[in-house]
1. Give, as a single signed number, the net charge of other residues whose beta carbon lies under 12 Å from the beta carbon of B:Phe177, with Lys and Arg counted +1 and Asp and Glu -1.
2. Looking only at other chains, what is the average number of their beta-carbon atoms within 10 angstrom of each beta-carbon in A:259-271?
3. When ranked by the protection proxy of mean other Cβ atoms within 10 Å per residue, highest first, what sequence do the peptides B:160-166, B:179-185 form?
4. Take every residue in peptide B:50-56, count the Cβ atoms of other chains within 10 Å of its Cβ, and give the average of those counts.
5. State the three equivalent ellipsoid semi-axes of chain B, derived from the C-alpha gyration tensor as the square roots of 5 times its eigenvalues, in descending order and whole Å.
6. Could you work out the relative contact order of chain A, using alpha carbon pairs under 8 angstrom and six or more residues apart, expressed as a whole percent?
7. Based on the mean of other beta carbon atoms within 10 Å per residue, what is the order of A:357-364, A:31-38, most packed first?
8. Kirkwood hydrodynamic radius for the stretch A:280-365: how many Å is it when counted over pairs of different Cα atoms?
Amino acid sequence: MVMEDLLGKTFDEFPMQTDWDAIIIGAGPNGLMTGAYLAKAGARVAVIERRYEIGGGLATEEVLFPCYYSNIHAIYHMMVDYMPAVQDFDLDRHAITWIKPNLQTGMVFEDGSSLLMTRMVEDTVDSMHKFSHKDAVAYGRLIRHWNKMMSDILGPATYLPPVASVDLMVALQRTEIGRELLEVNERSPYDLITSHFENEKIRALLLYSACMWGLDPNETGVGLFVPLLLTRAMSKAYCHGGSHKLAGALAREILRNGGVILEAAQVNKINTQNGNVTGVELWEGRTLNAKVVISSLDPHSTFYDLIGKDKLPKSMDNAFENWLYDKWSYYTLHTVSKEQPKYKCDDPWVNESFMTVFGFENEQDVVAHWKNVMAGKLDKKFGGHATCESFWDEHLVRGPKPAEISFFQMHAPYDIEGGWDKKSGELQEEVLAKWEKVAPNMNRDNIMMTMAETPKDIEIRLPNMRRGGIKHGDYTPMQLGFNRPNIECSSSNTPIGGLYLCGASNYPGGMVTGGPGYIAANKVAEDMGLQKWWKPTPLMDRYLKTYFG
Amino acid sequence: MNKEEKFDFVIVGGGPNGVTLAAYLSKCGASVCVLEERPEAGGGCENTEPIAGVRINPHAMFLYGGAAPGFDQLELWRYGFRGQPNRLGDLTEDVGRGCPTTSGNYPISDIDQMGYAKVSGLLGQPPFIRELLRATFWCPPHPPEVEVTAHNIPYMQVYKKHQPDVWSEELLEMDMFDLMDEYLDTEPFKVQQAVISWYSGAAGHWKGVAIPAWMCNVALVIYSRMTVPRGGMHDYFHAVMRCAVAHGTVVRTCCKVEEIMINDGVAVGVRMADTATCGEKKIWAKKAVISGVDVRQTFNKLVGPQHVDRGLLQKVNDISLKGGSIYVSHILSREPLKVKDKFPGMVGGCYPMDHRDIYYDHVADVDGRKGNPSIPPERAMWLSTPYERFDWSDPQVSRPEGHIMSPIYHLVPPPEYHVDGPDAMNKWKDGMWDYVVKSMSEVYTNLNSDNVIAHWANSPYDSTFRNTGLIGGTWCGTRHCDDQWGERRPIPELARYRTPIDGLYLCNQTACHPGGLFLMAIPYNLMHIMIEDGLVEPGEWWYPSPWYIPEQGKNPAKRQ
Ligand SMILES: Cc1cc2nc3c(=O)[nH]c(=O)nc-3n(C[C@H](O)[C@H](O)[C@H](O)COP(=O)(O)OP(=O)(O)OC[C@H]3O[C@@H](n4cnc5c(N)ncnc54)[C@H](O)[C@@H]3O)c2cc1C
Ligand SMILES: Cc1cc2nc3c(=O)[nH]c(=O)nc-3n(C[C@H](O)[C@H](O)[C@H](O)COP(=O)(O)OP(=O)(O)OC[C@H]3O[C@@H](n4cnc5c(N)ncnc54)[C@H](O)[C@@H]3O)c2cc1C
């Protein structure tokens, strides 16, 4: 019995064919950012998300089921001070607030000693004095320069289109801090840190903080990332209520300005005609037409899977054959315990730090771990970072108390000796043993629930994070700046008419910066002739005036 | 930081009912703020992915509300609402399969089919099933001055008009079994219908609610055809929330409300918990505060005993939670679960349907003895979704290996009535898992440790924590029995969504007719009342229920 014959149409659904001004593929931080700006500029936008929930890397979900929420991907928001969206949108309306604690990172060592990295410089310096007066003094001096590089150049440049390296070099010559930055850029992270600091523990903390988001410590030509990432490491903020709140706020900005968001909707194909995009097709058979399609996915997904190699212009033959995915991904162990981890160390402030690093006794340990990861293996001498999320956010606990939610996260290879199915369980035991060693209360009596997330799992949740790549592509000189993802596409537009890129594989890269999304919004708005309702931030203005005015 | 914020309406709780009301009110042009305490709005309609690539449905699963006026009044299609076809909805297959009993599938007779079709309004010319459903769910209770009789109860009027031979005074005395004994034929088919109804709101054994119980069943099985919205019930919820936001509603998550502020007997706003993720914790309501959270919390905590008389509070605390607390299991298995040969073609559903004695045994166990199951697992009743990848049509189920069965339901006592204390089921989770496996292994051959990759369970106790509104961890919040239905839901004094406090209205499944399920019915019904009170004026898109009777001395919610 076909009910339709008997009852007629029962309820209406989203039509099979619809027309839009712009379609955005992927509702991660960048896709949402682009969408929010364009919708408010009057474009009719449709944002298409494959998962059942928007957010991409901004996910706060009940993965410790039942009752306990965790920020499974991004938790540390490091660009809140620079992100133009904070000034441009009325985020208060959506009850968005960030917590940026002074005690940012604590590092604990086997001998019970510890180090702190803090938002306010002098607390870090005080802590370094325990190990080396020379390093402490050097840090105090250096970090002032690096903070300036960040606020004057690197921060604002995150939200402006990339500039060809030659032009950038010329521009930066204009100021002293610019020239210093150019010098820094020539060097490898390892070289930079070991040349400025002598103590092995201090080196370990700084090297880990600078490279933890995916820099190769021995790569030259990426040195500007050291001040960038170290200052970011001092500026980690927690979005109160969970990372997903930011996604929700941006999504609501899209909706209130007439946009539409489809979830559980996978784009299977970007339609093109005569070298121009005409819209997208969804897995479920729906078609959305538009002259502008903006993809936040990795280059393989966008160009090979969705457009198709045969539809690419000649110039793009093999453009992304050699695209390198991230050298390392993450293995994360999420836990629910009765008590929060209590680290056994000489400084009680470590227990109030946003992030706690352990497993490394010196910078060689840090490097050795990464070498292992790059070789596809892990040995017992691994290290990583942990956060007790519920310490910062009571909203994550929705079950009987006492209960605390924490995670430990470490760099791990996508392809691992023995395979993740087997390795994940073993590693869980090793992580717990190591955790208990530094925080004795993290024992079996205390821990009530665990959930391990491997690099393969990251890719299953978000297939655009290929090989578990959290930035949709490695940070190497050939994949950074004007070269990200390549010269033709790094300014958001592409050789295919109406196709734009707005995700982490574009300049300025991964993480919750909103940079690629903001830059794409600007470019699309200009090309579509939309009135820009927003203005650059004062820092961006000053940067433009100083270096390009 | 926002200072002195004022909205026309402040809604406490971002569950399906609160947010649907927000969509209605903001579509009328009002300014609306919704405050939700969890990291995600949606209440009982939620999804989660406890391991990568495996999406489970902790609570709601199926669309029951296909007949809701909300689909066209709120134009949900615009905001991305999509359904998805599914094998359970194929009625021909369903009818051919029969009902699973301990001795195998038992055929459904022609009389069963004709009787079922008749009471469901399918035999009218044209069929009047939609009218019947709307009359049952989408009409506010009659005002207190109206005497409720077999002549003016909306669904009775529909039978009278379209199928007069079904109409009788006695219909109002019956339970669903009585009704089925009159119209149906085989015992297993009857038991199956009663079980579906029990799991859907109004149970088959409650006197006086035969038709409401029947309609819970029909809403799912016939009218909404076992539709699972694309992306699950949560994404259906999202379509409603997006409609609200598109019309200007402000939704704030992680903002728990602690107090409904009352000034001279009038609700004037709310105060949030200190932990709320915003600066100023007070929000003022110019026109009304609406409580979208459970009725107990509303009066005991948010309003507080200082503003309610003890008699009313007693009645509120006596409201029965029985009748739908569910222990929910989710299984990820390597191979699809295989049924025994005696159940050809079975794709989930409920078991065992032999005889109503089994059903009554469960009533005795769950609501009488109020303890952990004492029925042997071989006779335990359960209801499940198909054993294939439930979302086989959805690339969201993207784990390379594995098949999901989620959710699987076993009825248990509400935690706060449990004889061994509210956490008794939680302490017994391992035992319950064995029980679940044993009970399901009556049908499935390969539910064993080799095959099961992972399993999860959320007990009603968990539900009351995860979701404060789900008191009793029930489908329906509070029993849909005759004492708590229609003009008596949740208690006569509160039946028309108004409260003794001016400017405070109720909009939650536990507090309002027609109770549980995401039907968009409570907000639609409440709209009539808010129009009566002159709080909103909807545009051309609004139409009231044809059976609605305006209260004397108020603005009728009808077009002049
Ligand atoms: C474990 C982990 C921890 C991290 N921690 C941090 C942190 O602490 N701080 C930080 O700043 N960053 C962190 N990151 C990195 C950060 O999450 C990402 O760099 C960021 O999310 C990239 O944003 P995006 O919008 O470009 O892409 P994404 O967030 O990847 O979003 C892309 C979206 O596209 C969707 N999609 C994929 N394919 C399709 C398709 N075919 N059709 C439609 N939609 C599709 C995806 O489902 C996804 O939602 C972390 C990442 C991981 C995995
Ligand atoms: C196991 C199970 C299965 C179900 N299956 C189905 C199904 O298949 N189909 C179907 O249609 N329905 C189903 N339901 C029923 C459906 O989930 C509920 O009827 C529906 O969620 C009720 O909506 P509500 O808005 O009245 O209340 P709720 O969903 O309880 O929403 C109340 C909201 O208020 C919030 N809240 C509570 N206190 C506060 C406070 N102080 N401050 C701020 N916010 C607060 C809560 O967090 C919650 O989000 C099922 C329910 C259960 C338990």
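Each reported figure results from applying straightforward, stated rules to the coordinates on display, with no laboratory input. In this text the structure is predicted, and so the values were computed from the model without any measurement. All Cβ positions, glycine included, derive from the backbone under ideal geometry; neighbour counts span all protein chains shown.
1. Working: positive: B:Lys190, B:Lys207, B:Arg356; negative: B:Asp175, B:Asp178, B:Asp181, B:Glu182, B:Glu187, B:Asp357.
Neighbour charge sum, excluding B:Phe177 itself: -3.
2. Numbers: counts 2, 6, 5, 10, 11, 16, 7, 4, 0, 1, 0, 0, 0.
Partner Cβ neighbours, averaged per residue: 5.
3. Details: B:160-166: 14.4, B:179-185: 19.1.
The most tightly packed comes first, giving B:179-185, B:160-166.
4. On the way: counts 7, 8, 12, 6, 1, 4, 3.
Average neighbour count from other chains, rounded to a whole number: 6.
5. Details: eigenvalues 262, 155, 98 Å².
The three semi-axes for chain B are 36, 28, 22 Å.
6. On the way: 1143 pairs, mean separation 128.7, N = 549.
This gives 23 percent for chain A.
7. Working: A:357-364: 21.8, A:31-38: 31.5.
Those peptides, ordered most packed to least, come out A:31-38, A:357-364.
8. Working: mean 1/r = 0.0530 Å⁻¹.
Taking the inverse mean of 1/r over all distinct Cα pairs, the stretch A:280-365 comes out at 18.9 Å.
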